[in-house]
Structures are given as structure tokens and as C-alpha cells.
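A.B. asks: Encoded as C-alpha cells, here's the structure I'll be asking about.
The values are calculated or read from the model by the stated rules, or taken from the named source; none is laboratory data. Quantities reported herein were computed from a predicted structural model and do not represent experimental measurements. Virtual Cβ from ideal backbone geometry, glycine too; neighbours counted across all protein chains shown.
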Amino acid sequence: MLRAAHALTQQKLPLAVTMNGAPATPRDGAVRLTPELPQLSGGIVLANRGAGVAWRTSSVTGVPAQPLPAEAHGMTLRKTVWTLAGAPADLSALRQNDRVIVEVAGGLPNALWRQMGVVDLLPAGLEIEQALGTEDAKLYPFLGRISETTMTSRRDDRFVAAFNLGSRYRPANRQGPEPQPQFRVAYIARAVTVGRFTLPAAQAGDMYAPAITARTAMGDVTVRPE
């Protein structure tokens, strides 16, 4: 591997890239561009004028102008907030120190084996008190069976879980309907700060197949004094 890397290094040719017809200056072996929105709107034309192959990597960051709608690509996802008694929580009238259970559940249309991840951002007025495992959830029978996870993390601003779903790598000849694996993770959160906050969307997907992903809708949470 070291000899191959050395050979590739020896074959490295200088970059000769133009942007909108003008030569772009390489820095540390790459041409780095950070165009603003007006430049992007006007269009940018990059051309490789060198003798070797040039690779391009693009990344985009920004803040959505409007709340993002729910989406589902190759899987389903829903988020439900419950009271500890099992009734749907009224997110417009939480009181300080109220505790709620946040359930994130979904499924796949087939039994292909996937390594899944769930990320649920917290509203600013809530903090996670406890991540619920299979045994913990027995105290709350309305939840149903909580999925076994390979990792859970309750952070200051989010809940994260990873788990495996499905059981096979490729379609098989089988009689009857296709199995549809389901998953469910949950945690207990406490309302700590008075105010009106945005309820972020929960997101889930196959960590190694980005096309399999889903997102719930956003909402609002209001926490009132005790």
C-alpha cells in the first residue's frame, strides 16, 4: 500500500482549473471556492485545463427559510409525544416540570438488513431525563415493544439511537407477503424552561444507504409556569 501511494504521489500533476474562464489559484494542492448566493445565482463554470483528472467535491450549508415538511423515502417515520399515563400530550400547554414520553417509530417495506440511525432534536425548553430500554418500557404498556439498540445517547440537545433492522441481504423466493420490520425508540423528557419553542423534526435512515431516509414534520411547544 505504501508503494502504491508513493507511485500515485509521483504521478501527481499540477492543477489547472478555470472558473468562468479565468485561472483559479490552487492552495495546498486544491482549488477551494466559497461562492456567495449572488455568484451561485449567476452561475459558475469550472473547467479542468490540465492533463490529469481533477476531482470535485461540493458541500452546501444553510438555514431553511420555512419549516421543512415531513418526508419519507423507502421507509416510514412518526413521532408521538405522550403523557406518562398514555394520553397524547398537549404540547401547547405543558407546565414546568411536566414529564412526557417521546416515541419515534417507523418501519421498512421489506426485510433487507439495514443499520439504522435515529436523531431527534429537542425543543429548547425540554431536556432528556431517561432513554427507555426494553425493560424500562414495561412500565408504560401503551408504548409497545421498544427496539433493541446498539447505541443510545441522550445529549443536551438531542436523542440519538442506532439499531439493526431486517434479516436478509437480498430478496429470496418466499411465499406470502413481504415482511415489514418495525422499530420503536423512546425517551422521557422534562419541561424545564418557560416559553414557546420550535419542536424539531425527528430523522431516521440507513446509515450506509442515504437514499433510505425519513423525517417527521416540525411543530411548536409551549411551556407555562407551574
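A.B. asks: Could you count how many residues in the range 13-55 are in contact (Cβ under 8 Å) with a residue 24 or more places away in the chain, surrounded by 10 or more Cβ atoms within 10 Å (Cβ to Cβ), assigned to a loop (DSSP other than H, G, I, E, B) and of a type outside the set (A, V, I, L, M)?
C.D. replies: Adding up the residues that qualify gives 4.
Residue by residue, here is whether (1) modelled with pLDDT of 95 or more; (2) of a type in the set (Phe, Trp, Tyr) holds:
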residue	(1), (2)
Pro67	no, no
Arg99	yes, no
Trp113	no, yes
Asp120	yes, no
Leu143	no, no
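A.B. asks: Counting only residues that are farther than 23 Å from Gln130 by Cβ and either in the same structural domain as Ala191 (by TED's automatic domain parsing) or touching a residue at least 24 places away in the same chain (Cβ under 8 Å) (or both), give me the strands (runs of 3 or more DSSP E) lying completely in the range 67-116 with at least 3 of them.
C.D. replies: Output list reads 71-73.
A.B. asks: Across the range 5-29, which residue is farthest from Gly62 (Cα to Cα) among those that are hydrophobic (A, V, I, L, M, F, W, C) and at pLDDT 85 or above?
C.D. replies: The residue in question is Ala16.
A.B. asks: While we're looking at this one, here's another question. Taking the range 135-149 on its own, how many of its residues are surrounded by fewer than 19 Cβ atoms within 10 Å (Cβ to Cβ) and part of a helix (DSSP H, G or I)?
C.D. replies: Total meeting the criteria: 5.
A.B. asks: Does Arg196 meet the test of being more than 19 Å from Ala209 (Cα to Cα), in contact with a Leu (Cβ under 9 Å, 6 or more places away or on another chain) and at pLDDT 95 or above?
C.D. replies: Taking the combined requirement at face value, the residue does not satisfy it.
A.B. asks: Counting only residues that are polar (S, T, N, Q) and more than 30 Å from Arg168 (Cα to Cα), which one in the range 84-127 is nearest to the chain's Cα centre (by Cα)?
C.D. replies: The extreme case among them is Ser92.
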